[in-house]
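The values are calculated or read from the model by the stated rules, or taken from the named source; none is laboratory data. The shown structure was predicted, so the numbers you read here are calculated from the model rather than taken from an experiment. Virtual Cβ from ideal backbone geometry, glycine too; neighbours counted across all protein chains shown. We work out accessible area using only protein heavy atoms, side chains counted, and drop any ligands, DNA or RNA first. Shrake-Rupley method; radii C 1.70, N 1.55, O 1.52, S 1.80 Å.
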Number of protein chains: 2
Amino acid sequence: MSMDFAPPKYAQVMRAIQERIESGEYAPGDMLPSETQLVRELGVGRTTVVRALQTLAMQGWIEREHGRGSFVKGRPESGADRVRPSLSTAEQGENADSLVEVTRVPAPRHVSRLLGVAERTPVIVRKRVARQSGVPSAVETVWIPLEIAVGTDLDKPEPLRNGIRRHLQAVKHLRFDHITERVSARRPTKEEAELLGSSNPVLGVLATVHDPAGAVLLAMSLALPGSLHELEDVFKVS
Amino acid sequence: MSMDFAPPKYAQVMRAIQERIESGEYAPGDMLPSETQLVRELGVGRTTVVRALQTLAMQGWIEREHGRGSFVKGRPESGADRVRPSLSTAEQGENADSLVEVTRVPAPRHVSRLLGVAERTPVIVRKRVARQSGVPSAVETVWIPLEIAVGTDLDKPEPLRNGIRRHLQAVKHLRFDHITERVSARRPTKEEAELLGSSNPVLGVLATVHDPAGAVLLAMSLALPGSLHELEDVFKVS
DNA sequence: CATAACCACTTGTGCGGACGAGTTGGCGGA
DNA sequence: TCCGCCAACTCGTCCGCACAAGTGGTTATG
């Protein structure tokens, strides 16, 4: 009668141990019960316990030392995902305020390079201003090839409430697979300076969005005022 | 007689399959031999084959589909490690040309924050200029607490041939565990502008280096001219 | 002809047992 | 006292077997 969908036992063992770590019952540095003890306590085979422990070790929850035991390390840090400005730009919903203009122009040289099309091929440009509590905090310029934009609302001057990624996903089933992003420092262009209300240095982000096959779906150029944005990153040495 | 150090069998199975993928014998999309076939071919138990295949799947070499088979995906991409300017600064060897000055000064406010010491605590400052084919490409200012610098050559105005990390490792057995890095855009300071020969916008990098316990070993502030540096990053969506 | 049952294949999970090897502490002999 | 050996513990690997469950093609049935 019951749905009776049981996760595999080794996963249950993992969960049990993770919960004890998170609750503090097993503190960092503590030795875990030995495999044999866990077998008795949990009523499963050693194969199962070992599989659970080895997976936890791979994920960084515990450390295993041959001949000594298994030791708690703590909840693994997720690698502290960096903030990805281009990803926010792809996700962010638009409103009448943020959308500056939508035009169709021949692709300038640097954009045609990013999109992999011939120079001066017509492309759609969506220009937007992101604001934080009213203050302009970024100018986002998105370049979309016509083949991609056709049949969507990307070339229409109305705000996309759900953002670019969700719109393309819903209307044309296009999947954003990965993004390459290049960050530098530069002066804002004249237009960016006007929209931002300042010509102080900006972080210039150039990004291309790719589908699973690696083809470029669209490109974007962001101007983030240096006084408002810091991109933080934590990483292990060697 | 022989050293006769044999890696575990499951690792040998993994290697065998990886090699066949890299050689092209198994092309992306191909179905791998079934577990039973591998058992017969390689003369090991199914447990061993399964462990190898499941590990390969976790690492992204292959995909496994219940009831259908295992399929080649290809060599997993390493996540395309981003360039870490602060890491280069820690590793880079110095020479008479690059070292600008080594002084002892009271920590200014923002540095004392980074180092977690009281304002105006004396600290060592090493200032260097990185060059690429003669052109100044970065100004690197490193701030080191006295406790760390004592007993090392960090407070001496001679170039450290092997770089800061290796020097601290060799002399005081201090291990660099992780680094947090914050990137922004700003104008260079007057001194940076002089050393760089330009006052165009720079990427400003503030970084702190931590030991395994999380304690701050040193801090650094880098000025990378925007016209010379792009930080590239590739990442998966969602 | 459409459908259902069946079969041969695949991977997923689980058990018990076995042996190897590293670690630790205690016990006895020198 | 000091040192070496050994037993008892730990994890690492491997095996054979078993059964569940998903997939795809063939065959029997209505």
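Residue-normalised convex hull volume from the C-alpha trace of segment A:39-86: 113 Å³ per residue. Taken one residue at a time, the phi angles of segment B:200-209 give Karplus couplings (6.51, -1.76, 1.60, θ = phi - 60°) of 5, x, 10, 6, x, 10, 10, 9, 10, 9 Hz. Gly and Pro are set to x. Kirkwood analysis of the Cα pair distances in the protein assembly as shown returns a hydrodynamic radius of 26.6 Å.
The aspartates and glutamates within cross-link reach of A:LYS156, meaning a Cα-to-Cα straight distance under 15 Å and a gap of 8 or more places when in the same chain, are A:GLU94, A:GLU101, A:GLU147.
Per-residue Karplus couplings for segment B:226-234, computed as 6.51 cos²θ - 1.76 cosθ + 1.60 with θ equal to phi - 60°, are listed in order as x, 6, 10, 10, 10, 9, 9, 8, 10 Hz, Gly and Pro entered as x.
Normalised by 2.2 N^0.38 Å, where N is the number of residues, the C-alpha radius of gyration of segment B:85-225 stands at 0.98. The length gained by stretching the chain between A:SER238 and A:GLN132 to full extension, at 0.36 nm per residue less their Cα-Cα distance, is 34.4 nm. Here's the picture: charge each Lys and Arg Cβ at +1 and each Asp and Glu Cβ at -1 in the protein assembly as shown, and of B:SER227, A:HIS167, B:HIS173 the one pushed furthest to the positive end of that dipole is B:HIS173. Once you list every other residue whose beta carbon is under 14 Å from the beta carbon of B:GLU65, what net charge do they have if Lys and Arg are +1 and Asp and Glu are -1? Summing Lys and Arg as +1 and Asp and Glu as -1 gives 0.
Beyond 21 Å in Cα-Cα separation lie the following of the pairs A:LYS127/A:LYS190; A:LYS9/B:LYS9; A:LYS9/B:LYS73: A:LYS9/B:LYS9; A:LYS9/B:LYS73. Sorted from longest to shortest, the spans of the Cα atoms of segment A:1-132 along the three principal axes equal 71, 44, 33 Å. The residues of segment B:191-220 occluded by other protein chains by 50 Å² or more of accessible area, set against the chain on its own, are B:PRO201; surface from heavy atoms, 1.4 Å probe.
In whole angstrom, segment A:1-64 maps to an equivalent ellipsoid with semi-axes of 21, 14, 11, each derived as √(5λ) from the alpha carbon gyration tensor and ordered largest first. The residues neighbouring B:TYR10, those whose beta-carbon lies less than 12 Å from its own, together hold a net charge of +4 under the Lys/Arg +1, Asp/Glu -1 convention.
Computed with the Debye formula from one identical point scatterer per Cα of chain A, without solvent, the log10 of I(q)/I(0) at q = 0.13 Å⁻¹ comes to -0.83.
Dipole size of chain A about its Cα centre, with +1 on Lys/Arg Cβ and -1 on Asp/Glu Cβ: approximately 440 debye, rounded to the nearest 20. Calculated accessible area for the protein assembly as shown comes out at 54 Å² per residue, all protein chains present (probe 1.4 Å; ligands, DNA, RNA ignored). Remark: segment A:90-100, residue by residue, has Karplus-estimated 3J(HN,Hα) of 6, 8, 3, x, 9, 9, 4, 6, 7, 7, 8 Hz, where x stands for each Gly or Pro and the curve is 6.51 cos²θ - 1.76 cosθ + 1.60 at θ = phi - 60°.
Here the accessible area of the protein assembly as shown is 51 percent carbon and sulfur, with a 1.4 angstrom probe and all protein chains present. Accessible surface buried by the B/A pair amounts to about 3200 Å², both sides summed, 1.4 Å probe.
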